[in-house]
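Some notes on the structure that comes next.
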Amino acid sequence: MSERAKTGDATISRGRGGSNALKSYLGAYGFMAPAGILVIIFFLIPVAIVLYLSVTNLASSNFTSNLAIMEFIGLKNYRTLLNDQFARKIFFNTIFYVLVTLSIFNVSLALLVSLLTTHIDRSAGFVFRALWILPRITSPVVYILIWKRMIAEAPFGIINQFNEALGQPTFNYISTNPWVFVVVVNGFIGVSFGMIIFTSAIESIPKDLLNASLVDGSSKLQRIRYVIMPLIRWPLLFVVTYQTLSLLTSFVEIQLLTDGGPGLYRTEVWSLTAYHRALSNYFGNAQWGYGSAFAVLLVMIGVVLAVIYMRVFRFDELIAEPRVEAL
Amino acid sequence: MKYKLCFTMILILLLSMLTGIAGAQDSVGITIRCKASPPEEDWRCNNFAEVEAEVEADLGIDIDLNLIQDNAGWGDYKNEFVLASEAGEAPDIILSGHEDIGAWAPAGFIIPLDDVIGMHSEFDDIVPSLWDSHGYAGQIWGIPQDAEARPIFYSKLLLRDLGWSEEDIESLPDRVAAGEWTFADMLATAEAAVEEGIVDAGNGWWHRPSNGPDFLYYYYGHGGEVLDMEGNLVVDSEALVATYELLGGAVASGVLRSDVIGLDWNEVWHPTVAQADTVLFAAGGTWNWPNWSINYVADKGGDEFLFENIGLTLIPAMATGKAITLTHPLTYMISSGSENPDVALALIAAITTPEHNNKHAIDSFHLGILNAQLESEAYANNRLLSSAHYMLDHTTALPNHPGWNAWSNAYFLGIQAVETGEADAAGAADIAIAQMQNELGDGITVR
């Protein structure tokens, strides 16, 4: 074969290779497109709008939906926010609320419930998990009304009625222990999400792997530690990341239970402040621009935390190849 | 013959089309949005249905009336109107607190009424002081729908236990109005009730458990002002400190609970106060009465039980020496997006009569807005209204200003701080003033 012919073949080969690569890219982006479009429509565009609102003085008293005629005030809202004497307190309230609820309920208790209910009779496990899902599927208003009736002060609250019957002192629990109930109320809802994810992950582990570990002499605890836990790292990352972001932005239950009180912002979290400022005001003149500044910082915190989680959990490795299949 | 028939049919067709068009032109759609606690406040919107035919006859038009009435939360209700206005879907008439004029007038969502009020003689009879709370930038922007008083409810039951005679109890409103029995006397009485075990510590006096207009009268009672002569926001630091001293002192002396803010209205506050056997003095609103009668003491006799065991009086005099109350009139405002503001105003005028306003006043225990109501038999013979109407002579109101929400939220922060012990009175005032200055900047003057 002549040199020319060889060169020609190579050119054709490269052409085919380039075409295949292009097809491959197009295919990949084509499959990603629906999700990408949703992210653009429901995340990037709203974030851009809220970012813009945060540099305007938009309020009920000058409200308009026309971005072009909103009054631009630069970083004034952010300066007001940073000078707010309670911003630091609300920030640390948020950190506390997310860390405690996430670590105790949304991850640890969810994992514990999953492990326990997958190691008992299958029907019994199903019943227990169904019970844990009840707080999630109950309307937040109904759910909080139930809690309020339970912890109301004497003679109205159920817990205090027991206290009275037992000759014990009664309490206004919302006043004495607001954080306990804010965390517990939200935690009971949060457990179900992780429980479903972890349970499905545990159930999907091939039975021969689990049995093999027992044959090798491991105890059930050792099997959990050395077989199950490594195989559910991906769901664990997902639950931790998703629930962190979910807790950062959740405020409905807190609003209904304490509305950020009692006293000076004792249970006020960042997202509730954004809501209070931008969307709810007893005396009407809601501060849309100022509230947006709170929301923008919340988005930034969420994005930073998501990136940190991905690094810590080595996201690239987790999505590289299914570990179960590799084994 | 055929041509004549055809001509006649075409003529009939054309006439019927013209009639149809004329009918369509005369049909005017009016949407009215009201917030009301059912059933006692339903006349706020339902009154319009009562006068629909009358206004149709007067104006010679057909009105397609659309009443939207519920008991949504104030925050959501107000946002709904703001968003609807911007979307061009606002109701023709919106009923809301008069303080919303301060936000909605500058936004252009409602129209000024100065030039058209004179077209309806019904408005001439409105109690003059009520117009004060409907102004902004030198113009009138709403028509009063109701008035109210925010009194102190006192438990006759517990005062009897404390040794008060029936004469002492029944004369209390008059003595308070005359400035003879002051807020200090009220706190001393409450303290005595606690010391003697008539009420538990903290149950001598309850104020409302959430932010709201009531709190402003403590500040007014100490000579504080919210607006200066030019209509700019001000805060009087001395009055502020004195107000916080009063509230903090009441907690320290065991008269007021430190956790009264945060109590659930419906789970704790109303059911407790309505029984008259737990709390000696409670700062509430006249409209609480029918709510208690219907929802909390109906099994004990409703109104009769309340008359026997609860009385109401003005807020006793504080530093200014004058007994006061605060009225928060709800206001019918006409949307700038209304295509038929003249029809909307005619409807409002038609219900601004003693006959129609009395229905609302009597059912919901809101005070009348018309001078003629006082002389009407239904109003004058109503035991509750006749016992409370004099309070309008002592009333104050919220300001109409876009910065009012920032002012009031900061003021409320100070109240929370001093009552929970997180700051003393001076510290609470510092917190409130710092918050006002941070959010209002040059828009607030500290005096």
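If I filter the range B:132-145 down to residues being open to solvent by less than 50 Å² (accessible area, probe 1.4 Å) and more than 14 Å from chain A (Cβ to nearest Cβ), which single residue comes out as nearest to B:Cys34 (Cα to Cα)?
Pass one, the range B:132-145, residues open to solvent by less than 50 Å² (accessible area, probe 1.4 Å): B:133-135, B:140-145.
Those still in the list that are more than 14 Å from chain A (Cβ to nearest Cβ) too: B:134-135, B:140, B:143-145.
On the way: B:His134: 18, B:Gly135: 21, B:Ile140: 20, B:Ile143: 14, B:Pro144: 13, B:Gln145: 11 Å.
Top of the filtered list is B:Gln145.
Within the range B:224-264, can you find the residues that are of a type in the set (D, E, K, R) and open to solvent by 30 Å² or more (accessible area, probe 1.4 Å)?
Kept after step one, since they are of a type in the set (D, E, K, R), are these residues of the range B:224-264: B:225, B:228, B:230, B:236, B:238, B:245, B:257, B:259, B:264.
Within the range B:224-264, B:Glu225, B:Asp228, B:Glu230, B:Glu238, B:Glu245, B:Arg257, B:Asp264 qualify.
Looking only at helices (runs of 4 or more DSSP H) that lie completely in the range A:113-207, which have at least 3 residues being more than 27 Å from A:Asn93 (Cα to Cα)?
Qualifying helices (runs of 4 or more DSSP H): A:122-137, A:158-165, A:178-203.
Under 6 Å by Cβ, and 6 or more places apart or on different chains, what pairs join a residue from the range B:339-350 that is more than 12 Å from B:Glu56 (Cα to Cα) with one that is open to solvent by 10 Å² or more (accessible area, probe 1.4 Å) and in a helix (DSSP H, G or I)?
B:Leu345/B:Val116; B:Ala349/B:Glu122
Of a type in the set (A, V, I, L, M) and open to solvent by 80 Å² or more (accessible area, probe 1.4 Å): is that true of A:Ile133 in this structure?
Details: of a type in the set (A, V, I, L, M): yes; open to solvent by 80 Å² or more (accessible area, probe 1.4 Å): no.
In short, no.
Could you grab me the full set of residues in the range B:195-245 that are assigned to a loop (DSSP other than H, G, I, E, B), under 23 Å from the mean Cα position of the chain (by Cα) and of a type in the set (A, V, I, L, M)?
B:Val226
Restricting attention to the range A:33-61, which residues are modelled with pLDDT of 90 or more, within 14 Å of another protein chain (Cβ to nearest Cβ) and part of a helix (DSSP H, G or I)?
Answer for the range A:33-61, where residues must be modelled with pLDDT of 90 or more, within 14 Å of another protein chain (Cβ to nearest Cβ) and part of a helix (DSSP H, G or I): just A:Leu53.
Looking at the range A:267-304 only, could you name the residues that are over 15 Å from A:Ala87 (Cβ atoms), facing chain B (nearest Cβ under 10 Å) and open to solvent by 20 Å² or more (accessible area, probe 1.4 Å)?
Passing the criteria: A:Tyr275, A:Leu279, A:Ser280, A:Tyr282, A:Trp288.
Closer than 28 Å to B:Asn232 by Cα and open to solvent by 40 Å² or more (accessible area, probe 1.4 Å) - does that describe any residue in the range B:403-419?
Applying the first criterion (closer than 28 Å to B:Asn232 by Cα) to the range B:403-419 yields B:403-418.
After this cut, where a residue has to be open to solvent by 40 Å² or more (accessible area, probe 1.4 Å) as well, the list is B:409.
Taking every residue of the range B:403-419 in turn, at least one turns out to be closer than 28 Å to B:Asn232 by Cα and open to solvent by 40 Å² or more (accessible area, probe 1.4 Å).
I'm trying to understand the selection: among the residues of the range B:115-161, which are within 21 Å of B:Leu314 (Cα to Cα) and either among the aromatic types (Phe, Trp, Tyr) or outside any helix (DSSP H, G or I) (or both)? Break it down into steps so the answer makes sense when it comes.
Residues of the range B:115-161 within 21 Å of B:Leu314 (Cα to Cα): B:127-130, B:132-133, B:146-160.
Scanning the range B:115-161 gives B:Val127, B:Asp146, B:Ala147, B:Glu148, B:Ala149, B:Arg150, B:Pro151, B:Ile152, B:Phe153, B:Tyr154, B:Ser155.
I'm checking my understanding of the structure. Among residues of the range B:424-436 that are in contact with a helix residue (DSSP H, G or I) (Cβ under 6 Å, 6 or more places away or on another chain) and at the interface with another protein chain (Cβ under 8 Å from one of its Cβ atoms), which one is least open to solvent (accessible area, probe 1.4 Å)?
In this case the residue turns out to be B:Gln435.
Under the condition of being hydroxyl-bearing (Ser, Thr, Tyr) and in contact (Cβ under 8 Å) with a residue 60 or more places away in the chain, which residue from the range B:130-178 is farthest from B:Leu233 (Cα to Cα)?
Here the residue is B:Ser155.
Filter the range B:265-285 down to the residues that are over 11 Å from B:Pro209 (Cβ atoms) and either outside any loop (DSSP other than H, G, I, E, B) or open to solvent by 30 Å² or more (accessible area, probe 1.4 Å) (or both), then identify the one that is farthest from the other protein chains (Cβ to nearest Cβ).
B:Phe281
Taking the range A:247-264 as the search range and keeping residues that are surrounded by fewer than 19 Cβ atoms within 10 Å (Cβ to Cβ) and not β-branched (Val, Ile, Thr), which one is nearest to the other protein chains (Cβ to nearest Cβ)?
Here the residue is A:Asp259.
Can we say B:Val241 is touching a helix residue (DSSP H, G or I) at 6+ places or on another chain (Cβ under 6 Å), of a type in the set (Val, Ile, Thr) and touching a residue at least 40 places away in the same chain (Cβ under 8 Å)? So that I can check it myself, show each step before the final result.
Values: touching a helix residue (DSSP H, G or I) at 6+ places or on another chain (Cβ under 6 Å): yes; of a type in the set (Val, Ile, Thr): yes; touching a residue at least 40 places away in the same chain (Cβ under 8 Å): yes.
It is true that B:Val241 is touching a helix residue (DSSP H, G or I) at 6+ places or on another chain (Cβ under 6 Å), of a type in the set (Val, Ile, Thr) and touching a residue at least 40 places away in the same chain (Cβ under 8 Å).
Is it the case that the range A:305-315 has a residue that's β-branched (Val, Ile, Thr), within 19 Å of the chain's Cα centre (by Cα) and at pLDDT 90 or above?
First pass over the range A:305-315, keeping only residues β-branched (Val, Ile, Thr): A:307-308, A:312.
Remaining after also requiring within 19 Å of the chain's Cα centre (by Cα): A:307-308, A:312.
Retained after the next criterion (residues that are at pLDDT 90 or above): none.
Looking for residues that are β-branched (Val, Ile, Thr), within 19 Å of the chain's Cα centre (by Cα) and at pLDDT 90 or above, one finds none in the range A:305-315, hence no.
State whether the residues of the range B:76-88 include one that is within 14 Å of chain A (Cβ to nearest Cβ), free of Cβ contacts under 8 Å to residues at least 12 places away in the same chain and assigned to a loop (DSSP other than H, G, I, E, B).
yes
For A:Ile151, work out the one condition from (1) within 14 Å of chain B (Cβ to nearest Cβ); (2) open to solvent by 40 Å² or more (accessible area, probe 1.4 Å) it doesn't fulfil.
It fails just one condition, (2).
If we keep just the residues of the range A:65-96 that are surrounded by 15 or more Cβ atoms within 10 Å (Cβ to Cβ), of a type outside the set (Asp, Glu) and in contact with a helix residue (DSSP H, G or I) (Cβ under 7 Å, 6 or more places away or on another chain), which is nearest to the other protein chains (Cβ to nearest Cβ)?
A:Thr80
The values are calculated or read from the model by the stated rules, or taken from the named source; none is laboratory data. Keep in mind the model is a prediction, meaning the values are calculated, not measured. All Cβ positions, even for glycine, are placed from backbone atoms using ideal geometry, and neighbour counts span all protein chains on display. Quick note on the areas: whole protein, heavy atoms, side chains included, nothing else; ligands and nucleic acids left out. Shrake-Rupley method; radii C 1.70, N 1.55, O 1.52, S 1.80 Å.
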